[in-house]
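Asker: First, the structure itself, so that you have it in front of you.
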Amino acid sequence: MSRSDTGRTIDAIWRIESPKLIAGLTRMVRDVGLAEDLAQDALVIALERWPELGIPDNPGAWLMTTAKRRAIDLLRRNKLRDRKYEELTRTAELYTEEDMDRRMDGEIGDDLLRLVFMTCHPVLSQEARVALTLRLLCGLTTEEIARAFLAAEATIAQRIVRAKRTLSAKKVPFEVPAGEELKERLVTVLEVVYLMFNEGYSATAGEHWVRPLLCQEALRLGRMLAEIAPAEPEVHGLAALMELQASRLKTRVGADGEPILLMDQNRARWDQLLIRRGLAALHRCQQLGKPYGPYALQAAIAACHAQAATPADTDWVRISALYEALSRVMPSPIVELNRAVAISMAFGPAYGLQIVDELNREASLSAYHLLPSVRGDLLYKLNRFEEARLEFERAASLTKNSRERKLLLARASECRDES
């Protein structure tokens, strides 16, 4: 294997192993910033040694052992109290390749769950939670996070540093909360993952319609949550939603990166493996015997699309009913807008337009580009082309995504040709 191939392999290993490594080290040193530094030290040593010596059979065990040795060395250099040093030494047994798989089902899995809840603690702002989660649990670099959210790399770096300092200063415990606090914190964790995926699935700004890397990392984190919190139905609901939505990613853009809307996508190219995984996750959610929450309801809607061989086969009546249920558990003008689209598909554009016209008075949607976009589409279907053109042009002026702006202006041009 060439040195460049080895480097790419090490990078892939790091993305997989770094969350487990940082989680285990955080349990030891009780400081997420120090834990990340120790994990990075282990990575540097691997980059120095593995190209010469070869990649170990169990690279995760090697990295954990190396990082724990660095932790012990650090404590010795800093002359910490003998009691704390001895306590760490007793708990810092070195992992062997034989026991690594066994431990993955126990303490390491628990540590990952603790780290998820730590990085998504409400003491941090939403932006800080997302950045820190992407950094520590998804293994993204600061540059990749900045590119994903169209922010300056220095801004993201400062956000991550401040988040780690806040967790340390506030002495946020490295633990999974219990009882009602668990439910409250789980809501925050799922929200962060949901926002990550949505930003990747439909970028709010920039030159790209989708950002697959962001979707991929959110999906990986969602799968991990489903493994370590199997009794929580909404965890499976979110996993199902992301699997089903991800199945369409390759068909959402054309060869030149131009957007392709749902009804125009080549369904034969939808990823059937992801669809099966999504339906299985939704089934696990059902088996828990609790009413559907917002993520499960959205997953059920996505399942309707996934199971329709053609756009004409889509069960829009069921989708309308599911949006009605979603509006009850998660009231939102955006949910109402989506319900309007479903109703227009099930019963005709005039019915959907009634709902959209009511939403026009909603102040929170005054700068939301999809409101005039949906209204323009409904007006177009009603042959009210001049009104539709104005709506598409307004939507184009509101979006910050250049690909979407181009699409909306093209729709406006179609209306001009029809007038």
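Asker: Which of the residues belonging to segment 120-135 are part of a helix (DSSP H, G or I) and out of contact with any Ser or Thr (no Cβ under 6 Å at 6 or more places or on another chain)?
Answerer: 126, 127, 128, 129, 130, 131, 134, 135
Asker: Within the group 119, 133, 91, which residue is of a type outside the set (Phe, Trp, Tyr) and modelled with pLDDT under 85?
Answerer: None of the other options fit; the residue is 91.
Asker: Also, quick follow-up: Scan segment 369-419 residue by residue and report those that are of a type in the set (A, V, I, L, M) and either free of Cβ contacts under 8 Å to residues at least 24 places away in the same chain or under 20 Å from residue 209 (Cα atoms) (or both).
Answerer: 370, 371, 374, 390, 395, 396, 398, 407, 408, 409, 410, 412
Asker: For segment 30-64, what are the residues that are among the β-branched types (Val, Ile, Thr), in a helix (DSSP H, G or I) and surrounded by fewer than 19 Cβ atoms within 10 Å (Cβ to Cβ)?
Answerer: Listed by number, the residues that qualify are 44, 45.
Asker: Name the single residue, out of those in segment 365-404 being in a helix (DSSP H, G or I) and out of contact with any helix residue (DSSP H, G or I) (no Cβ under 9 Å at 6 or more places or on another chain), that is surrounded by the fewest Cβ atoms within 10 Å (Cβ to Cβ).
Answerer: Across segment 365-404, the extreme among qualifying residues is 402.
Asker: Taking the residues in segment 19-29 that are surrounded by 23 or more Cβ atoms within 10 Å (Cβ to Cβ) and of a type in the set (A, V, I, L, M, F, W, C) as candidates, determine which candidate is farthest from residue 169 (Cα to Cα).
Answerer: The extreme case among them is 21.
Asker: Would you be able to say whether some residue in segment 282-299 is in a helix (DSSP H, G or I), more than 25 Å from residue 251 (Cβ to Cβ), touching an Asp or Glu at 6+ places or on another chain (Cβ under 9 Å) and touching a residue at least 60 places away in the same chain (Cβ under 8 Å)?
Answerer: Within segment 282-299, one or more residues are in a helix (DSSP H, G or I), more than 25 Å from residue 251 (Cβ to Cβ), touching an Asp or Glu at 6+ places or on another chain (Cβ under 9 Å) and touching a residue at least 60 places away in the same chain (Cβ under 8 Å).
Asker: Within segment 339-357, is there a residue that is of a type outside the set (D, E, K, R) and closer than 21 Å to residue 203 by Cα?
Answerer: yes
Asker: Residue 260 passes all but one of (1) touching a helix residue (DSSP H, G or I) at 6+ places or on another chain (Cβ under 8 Å); (2) touching a residue at least 12 places away in the same chain (Cβ under 8 Å); (3) not polar (S, T, N, Q); which number fails?
Answerer: For residue 260, the failing item is (2).
Asker: Could I ask something else about it? Mind counting the residues in segment 328-344 that are surrounded by fewer than 18 Cβ atoms within 10 Å (Cβ to Cβ) and either touching a residue at least 60 places away in the same chain (Cβ under 8 Å) or part of a helix (DSSP H, G or I) (or both)?
Answerer: Going through segment 328-344 one residue at a time, the tally reaches 4.
Asker: Which one of 63, 43, 47 is at pLDDT 90 or above, over 27 Å from residue 113 (Cα atoms) and among the hydrophobic types (A, V, I, L, M, F, W, C)?
Answerer: 47
The values are calculated or read from the model by the stated rules, or taken from the named source; none is laboratory data. Everything numeric in this text was worked out from a predicted model, so none of it was measured. Cβ coordinates were reconstructed from backbone atoms using ideal geometry, including for glycine residues, and neighbour counts include every protein chain displayed.
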